[in-house]
1. Residues Gly262, Gly269, Gly285: which one is assigned to a loop (DSSP other than H, G, I, E, B), within 22 Å of Thr125 (Cα to Cα) and outside the structural domain of Gly217 (by TED's automatic domain parsing)?
2. Can we say Met151 is farther than 23 Å from Pro255 by Cβ and modelled with pLDDT under 95?
3. Name, by its number, the condition in (1) in contact (Cβ under 8 Å) with a residue 40 or more places away in the chain; (2) assigned to a helix (DSSP H, G or I) that does not hold for Lys92.
4. Which of the residues belonging to region 187-218 are surrounded by 20 or more Cβ atoms within 10 Å (Cβ to Cβ) and among the acidic types (Asp, Glu)?
5. Looking at (1) under 24 Å from Gly112 (Cα atoms); (2) modelled with pLDDT under 95; (3) hydrophobic (A, V, I, L, M, F, W, C), find the lone condition where Ala316 falls short.
6. Can you name the number of the only condition in (1) part of a helix (DSSP H, G or I); (2) over 29 Å from Met321 (Cα atoms) that Arg154 fails?
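The values are calculated or read from the model by the stated rules, or taken from the named source; none is laboratory data. Because the structure is predicted, anything quoted here is derived from the model rather than measured. Cβ placement follows ideal geometry from the backbone for every residue including glycine, while neighbour counts extend to all protein chains displayed.
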Amino acid sequence: MMSVNNNESDTNIWSDPDAVLSCASLIGELIMSANNINEPDASMNLSCCASCGTAEGDDIKLKTCTACKSVRYCSVECQRNHRPKHKKACKKRAAELRDELLFRQPESTHLGDCPICFLPLPIGTEQTTMMECCSKLICNGCQYANLLREMYERLVEHKCAFCRDPIPTQKSDVNKNTMKRVEANDPMALCFMSHLSYEEGNYADSFKYSTMAAEMGDADSHYRLSILYWRGRGVEKDEKKEMHHLEKAAIGGHPAARYNLGVHDLNKGRLDRAVKHYIIAANLGHDASIQEVKDLYAKRFVCKEDFAAALRAHHAAVDAMKSPQREAAEAVGKDAAEDGFSLTIN
């Protein structure tokens, strides 16, 4: 027969809500303390050597780990000795830092603004003109407006819309001007020569010029290098280097490179990363990327809020690239094509 214990001192504490909360709080503090026993304080990692514990002073300068930037060392020897313990955490943190940089929304595309009208340059290469005399990339709208001005003023000699130097009529003079800019290590001229060499099938020179421009941070040249490594033209196929240059170009604001990263991640089954790439490129006004976002939204891989935000950002980016002069230049080009002429605005 079960007896009932009426002793108040033996009452179950779990029947008291305040006691339950107090015990839960105490257990939580004990768990946190146990987890932090072997984890050094972040500020301590930066104020002393992570290997030997030597503090920084006037005579001792600590150097930060270039990969993870979370620990510091007093010497190369200490860094080497600490490497086995730090390697796993270092790789993890370095990957996190890389992703933070990779998935940051650029303020504009790699093309920037037209140096004359200061509007964002259109993404399509057929809507811009590179001036060989000064290696400036200007929109067709400004180039068309300059041609109209010269016709109105009845000027015989055509001049550059930006630097006002006479535009050469002979191909030899054009090549001479371009090579002058190449010798001056102008990234735009180097990129132009890389493109020209690629179209001519001279992949070795295309690789050389792209490498030179990429070392100066040119995003379009990084993109060109990714194509060369992907196709194995001028160099051996190398997927690792291809992805490296694609990421460099994407970080620099290259929409096509960002789109290719999205395709690569989608093929690898990394849907969340692919969606991020497509949305970032769509926000820059890239048409193919916004189409991918639409398709993924239709398959319910993108939520309604993200799709709506990307759609608004894409429309805003495209509208920012429009101007009456650019629309007039495009209309003239279309009329010329319909009449059987090839009109080049330069």
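1. Only one candidate passes the filter, namely Gly285.
2. yes
3. For Lys92, the exception is condition (1).
4. Matches in region 187-218: Asp218 only.
5. (2)
6. (1)
Residue-wise test of (1) in contact (Cβ under 8 Å) with a residue 60 or more places away in the chain; (2) more than 22 Å from Cys114 (Cβ to Cβ); (3) in a helix (DSSP H, G or I).
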{"position": "Asn146", "(1), (2), (3)": "no, no, yes"}
{"position": "Glu150", "(1), (2), (3)": "no, no, yes"}
{"position": "Phe162", "(1), (2), (3)": "no, no, no"}
{"position": "Ser172", "(1), (2), (3)": "no, yes, yes"}
{"position": "Thr178", "(1), (2), (3)": "no, no, yes"}
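Matching residues to (1) closer than 22 Å to Asp287 by Cα; (2) buried (at least 18 other Cβ atoms within 10 Å of the Cβ); (3) hydrophobic (A, V, I, L, M, F, W, C):
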{"residue": "Glu96", "(1), (2), (3)": "no, no, no"}
{"residue": "Cys117", "(1), (2), (3)": "no, no, yes"}
{"residue": "Gln127", "(1), (2), (3)": "yes, no, no"}
{"residue": "Leu148", "(1), (2), (3)": "no, no, yes"}
